[in-house]
Amino acid sequence: MTERLRVREIDDDEGQRLVRIIRRGSGSVVTWRRAQMVLLSAQGMNVAAIAKVAFTSEDRVRDVIRNFNADGFGSLYPKYKGGRPPKFTLPQRREIKKIAKSRPGEHDLPFSAWSLAKLAEFLVAEGVVDDISHEGLRMLLREEGVTFQRLKTWKASKDPQYAVKKARVEHLYAIADGEVPPGAVDPAVVFCVDEFGPLNLQPRPGRHWAAVGGKGKEPGRPPRPRLRATYTRTAGVRHLLAAYDLHEDKLYGHIKPRKTRTRFLEFCRYLRSLYPPATRIAIICDNFSPHLTTAKDARVGAWAAANNVELAYTPTNSSWLNRIEAQFTALRYFALDGTDHASHQEQGSMIRRYIIWRNNHAYDERLRRIIDRANIA
């Protein structure tokens, strides 16, 4: 029987140096992982057990131990050549963002949330990148719009076709973002469609500039205006049928008194008229009944088949996959918060003027920041 591979005998100074490298938690992830393997071997752990702890292969553990036995601490540090630091390719950045937004449990890891150290270690172990520092990973995630947030109540989808629907929606987003070329049957234009409402005539809380109150109040100044109470609302409601064109980065909207299948088809015909009939388009929407084709009413499916349109539905209880939800967040912030409209005509005019402003200022810094923060998909 061959002798079990383990690290050479190390003294107290070498052991303390290994511990400092591991506890520091900064610098190269490759150095940190190699020091961890060497220290575990020095503590008597076999190669198979080290591979499980480090989430890597046994061959890689053996290489690290042999290199350390031959070259000492110099083998722990990667040999980088001079020149400009490497930049990650678009597929690498996309995969890093995808893994960062997933849960560690989905990858059979015993953690509830990613830290920069755990995420960097996993990316190196999976071969997504050769090496990445914690600071470099933090900056990359910030550039990709991924932030560390607190968990909120979440309703998980029980749709049996969840994976299929989610994959199709994500593929359409990749086409719209120019990350993958459209196939022979794929659409060239992608719309995200949903209804916003009901729109009541009610005072909406918001923020605004006001004179100083309290002890710093000017003498004789009237009190701050307060929102009125509305116990009865007899003017009815309205609904905004909205669409977000990912190809042109434009928002479209029609305000209707009801949201029925007929109204939905009218709005879809308008979207279809924006592009030539030969251009295939896709409409991403949720499972709201007017969007569906049923045994009693097949108008939606028949219209889509006859007009070169693909209808892509988000999974049940997964409306967050629809990118128009982030546009609704900006609509509330800019056009509705802090208002108290007297009529639906006044409120509708405000919404329509906001849509015009939004399409003319699509790259407004504050607008992009609100949309990027609200956008999950």
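Rolling a 1.4 Å probe across the protein heavy atoms gives the chain an accessible surface of 61 Å² per residue. Legend: calculated FRET efficiency, residue 24 to residue 364, from the Cβ-Cβ distance at R0 = 41 Å, rounded to 0.05, equals 0.45. Compared with the alpha-carbon gap, the fully stretched path from residue 58 to residue 46 is longer by 3.3 nm at 0.36 nm per residue. Assign one of three labels to segment 58-135, namely rounded, prolate or oblate, based on the Cα gyration tensor with a ≥ b ≥ c the square roots of its eigenvalues; rounded applies when a/c is under 1.5, prolate when it is not and a/b is larger than b/c, and oblate otherwise. It is oblate, given that a/c is not under 1.5 and a/b is not larger than b/c.
Here the Kirkwood formula, the inverse mean of 1/r across different C-alpha pairs, assigns segment 290-377 a hydrodynamic radius of 15.8 Å. As a fraction of the 1.4 Å probe accessible area of segment 34-169, surface on carbon and sulfur atoms comes out at 53 percent. Would you work out if segment 13-55 is rounded, prolate or oblate? Take a ≥ b ≥ c from the square roots of the eigenvalues of the alpha-carbon gyration tensor; rounded if a/c is under 1.5, else prolate when a/b is larger than b/c, oblate otherwise. Note, shape of segment 13-55 comes out oblate. With a cut-off of 14 Å on the backbone N, the residues of segment 172-190 near the modelled label site 7 Å out from residue 248 along Cα-Cβ are 189-190. Computed extension length for residue 237-residue 147: 28.7 nm, one decimal, from 0.36 nm per residue of separation with the Cα-Cα distance subtracted.
Only protein heavy atoms count here; under a 1.4 Å probe, residue 173 has an accessible surface of about 10 Å².
Here the gap between residue 112 and residue 138, fully extended at 0.36 nm per residue and compared with their Cα-Cα distance, gives a gain of 7.5 nm. Kindly identify segment 121-242 as rounded, prolate or oblate by the Cα gyration tensor criterion: order the square roots of the eigenvalues as a ≥ b ≥ c, call it rounded if a/c is under 1.5, otherwise compare a/b with b/c, prolate if a/b is larger, else oblate. Judged from the Cα gyration tensor, segment 121-242 comes out oblate (a/c at least 1.5, b/c at or above a/b). Once C-alpha pairs closer than 8 Å and six or more residues apart are averaged by separation and normalised to the residue number of segment 112-260, the relative contact order reads 19 percent. Dipole magnitude for segment 283-346: about 260 debye, using +1 per Lys or Arg Cβ and -1 per Asp or Glu Cβ, origin at the Cα centre.
For the chain, the relative contact order works out to 15 percent when only alpha carbon pairs closer than 8 Å and six or more residues apart are counted. Among the listed pairs 97/118; 98/118; 166/250; 101/250; 52/118; 97/152, those whose Cα-Cα separation exceeds 18 Å are 166/250; 101/250; 97/152. For semi-axes √(5λ) of the Cα gyration tensor in Å, the value computed from the atomic coordinates appears in the list [x] 53, 30, 18; [y] 27, 24, 20; [z] 44, 25, 22 under label [x].
The values are calculated or read from the model by the stated rules, or taken from the named source; none is laboratory data. Only a predicted model underlies this, so the values are computations on that prediction, with no experimental measurement involved. Neighbour counts run over all protein chains shown; Cβ positions are idealised from the backbone, glycine included. In case anyone asks, the SASA skips ligands and DNA or RNA and just uses the protein heavy atoms, side chains included. Shrake-Rupley method; radii C 1.70, N 1.55, O 1.52, S 1.80 Å.
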